Amino acid sequence: MRILFFLIAVLFFLFQAAPAYSQADADTIACRQNRGSCSYVACSGPTVDIGTCRTGKLRCCKWTPTS
């Protein structure tokens, strides 16, 4: 019976921490929703900088068609 209480406590702890991880990647999710991609280097060529990823550590680049 003690194991059951321990497992419930562990599950509660894990699910309580879950929203913190999803908030940290909010800018990454926004980048993907704007059809961008995360890059370690500056955006160049046919891509433009539209924001950040990984809480500002990476650049969010979006491909722009050239006509």
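Every read-out reported here was derived from the displayed coordinates using simple, explicitly stated rules and does not represent laboratory data. All figures in this text were calculated on a predicted structure; none of them were measured in a lab. Please note: Cβ atoms are built from the backbone with ideal geometry, for glycine as well, and neighbour counts cover all protein chains shown.
At a glance:
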item: Charge sum, other residues only, whose C-beta stays under 15 Å from C53's C-beta, Lys/Arg counted +1 and Asp/Glu -1; result: +3
item: Local electrostatic count, S44, Cβ distance below 13 Å [Lys/Arg +1, Asp/Glu -1]; result: +1
item: For peptides 34-40, 47-53, sequence by mean Cβ density within 10 Å, most packed first; result: 47-53, 34-40
